[in-house]
1. Restricting to region 232-249, count the residues that are under 11 Å from residue 288 (Cβ atoms), touching a residue at least 40 places away in the same chain (Cβ under 8 Å) and open to solvent by 30 Å² or more (accessible area, probe 1.4 Å).
2. Would you check if there is a residue in region 21-33 being more than 10 Å from the ligand (Cβ to nearest atom), among the polar types (S, T, N, Q) and either surrounded by 16 or more Cβ atoms within 10 Å (Cβ to Cβ) or touching a residue at least 24 places away in the same chain (Cβ under 8 Å) (or both)?
3. Identify all residues within region 6-54 that are among the small types (Gly, Ala, Ser), touching a Pro at 6+ places or on another chain (Cβ under 9 Å) and under 15 Å from residue 211 (Cβ atoms); write none if there are none.
4. Being touching a helix residue (DSSP H, G or I) at 6+ places or on another chain (Cβ under 7 Å) and open to solvent by less than 70 Å² (accessible area, probe 1.4 Å) is the filter here; which residues of region 264-295 pass it?
5. Checking the conditions here, which among 54, 87 is open to solvent by less than 40 Å² (accessible area, probe 1.4 Å) and within 25 Å of residue 180 (Cα to Cα)?
6. State the number of residues belonging to region 276-301 that are touching a strand residue (DSSP E or B) at 6+ places or on another chain (Cβ under 9 Å) and in a helix (DSSP H, G or I).
7. Which residues, counting only those in region 160-190, are under 17 Å from the mean Cα position of the chain (by Cα) and small (Gly, Ala, Ser)?
8. Would you be able to say whether some residue in region 160-167 is farther than 21 Å from residue 297 by Cβ and modelled with pLDDT of 85 or more?
Amino acid sequence: MPFTMTAAALKIDHLGKRFGATAAVDDLSLEIAPGEIFGLLGPNGAGKSTTINMITGVTRPQTGSVSVFGYDNRRQALIARRLVGVMHQEIVIDHFFTVRQAIRIHVGYYGLPDDPGWRATLIERLGLGPHLAKPLRELSGGMKRRFMIAKAMIHKPRLLILDEPTAGVDIELRRSLWEFVREINGQGTTVLLTTHYLEEAEKMCGRIAIMNRGRLVALEGKETLLNRLGGRRLIVTLAQPLATLPAALAEDRSLLSWDPDHLTFAVAGPGAVGERLRRLALGGLHIADLDMRKPDLEEVFLQLTGNGNHHPAAEP
Ligand code: ADP
C-alpha cells in the first residue's frame, strides 16, 4: 500500500511468536493512528519487548504482519525502518565513540543526508551540548539515556517507540523527557510507549493497550479504561479492625482489596453504594468513614490481568 494520510502509523495484524512452548505474542492485532501517544502496558513477560522487536524487524514473526504508515516492515523493510525510531530499555552503546561521533554515525546508518539543524536541535533540547566531546562510556546514566533518545530521533522518525524510557531515571530527567516527548508529538511524531509506571501512562497516553501472556486483554481510551470496572471505588474505613475476612466478603467479586481497617469495593450504577452499605451493616460491620474515588490504572490493570482481589493481609 502506498503512503497516504490515512494509513495507520502502526498496524499490527494477527502477529504471533512462540519461543518453544511459550506463546510470547499470541494473535495480536492493533492499530495506532498518526499523532497518537499510545501506551502498551503489561506485566513482565507479557510480550511487549517481543512485540517491539517484531515491529523493528529484529525478531521475525511466525504469524501475521506489521506495517508502518502503510509500509510492510518486511517487504518494504528499508522504508519502514526509516520511519521508526526506537529507544530500547537496556543501555547499549558504542562506548569508545564520543557523543558527537556517535550521533553522526547514526545519521549515516539510515542512509539519510545529515541535517545539521535537526542535529543541533536534538543536542540542545536534550542538554547534550556540554558532553559532545566525551566518550560515551564517560557519560552518567542519565546522560546515556539522553543520548539514546537523540539516537532514536536522529533520522526524524514519524513513529517513536520508547521501551520503558524512564526505568531507573531520576525525576528531573523523567520530567524533561516527557516534556520533550509531548513537544515532538505536538510536531506530529506518533509515540508508542511501554512503561511500568502506570501513572505515566495515565498522564501521557490517549489510548492504552494492556497485554498479558502474549494476548491483548484491553485496548481502550484511558477514560474508558478507568471507568471500565464499575467506575467508582468505595473505600470503607471500619470502626473495629478485622482479624479475618468474613466468608461472605471473601467470595465477593466486587471487593478489590482489604486490610484490617479498610475495605475497597468497586461500585457501579445507582443504588450500588446504598446496597453495599446495607449488606455491610447486615454482616455486623461498623463503619467509621467512607470515601469514593475513581480507580487508577494500577487497579484496572490488576483486574484485567487476573491478579485482582489482592488481599495484602492474606500474604505471608
Ligand atoms: P515483556 O517485554 O512484556 O516483559 P517479553 O516479550 O520479553 O515480555 O517476553 C514474553 C515471553 O517470551 C516471556 O515468557 C519470555 O520469557 C519469553 N521470551 C522472550 N524472548 C525469548 C527468547 N529469546 N527465548 C525464549 N523465550 C523468550
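1. Kept after step one, since they are under 11 Å from residue 288 (Cβ atoms), are these residues of region 232-249: 236-241.
Retained after the next criterion (residues that are touching a residue at least 40 places away in the same chain (Cβ under 8 Å)): 236-240.
Keeping just the survivors that are open to solvent by 30 Å² or more (accessible area, probe 1.4 Å) gives 237, 239-240.
Result for region 232-249: 3.
2. Among the residues of region 21-33, at least one is more than 10 Å from the ligand (Cβ to nearest atom), among the polar types (S, T, N, Q) and either surrounded by 16 or more Cβ atoms within 10 Å (Cβ to Cβ) or touching a residue at least 24 places away in the same chain (Cβ under 8 Å) (or both), which makes the answer yes.
3. Within region 6-54, the first condition is being among the small types (Gly, Ala, Ser), and the residues that meet it are 7-9, 16, 20-21, 23-24, 29, 33, 35, 39, 42, 45-47, 49.
Checking which are touching a Pro at 6+ places or on another chain (Cβ under 9 Å) leaves us with 7-9, 16.
Hit for region 6-54 is 16, nothing else.
4. 265, 267, 283, 287, 295
5. On the way: 54 fails: within 25 Å of residue 180 (Cα to Cα).
Exactly one residue qualifies, and that residue is 87.
6. The number of residues fulfilling the criteria is 8.
7. 167, 168
8. Of all residues in region 160-167, those farther than 21 Å from residue 297 by Cβ come to 160.
Of the ones still in play, those that are also modelled with pLDDT of 85 or more are 160.
Yes - at least one qualifying residue is present in region 160-167.
The values are calculated or read from the model by the stated rules, or taken from the named source; none is laboratory data. Being a predicted model, the structure only gives us computed values, none of them experimental. Heads up, the Cβs are rebuilt from the backbone with ideal geometry, glycines too, and the neighbour counts pull from every protein chain shown. Keep in mind that these areas ignore ligands, DNA and RNA; they rest on the heavy atoms of the full protein, side chains included. Shrake-Rupley method; radii C 1.70, N 1.55, O 1.52, S 1.80 Å.
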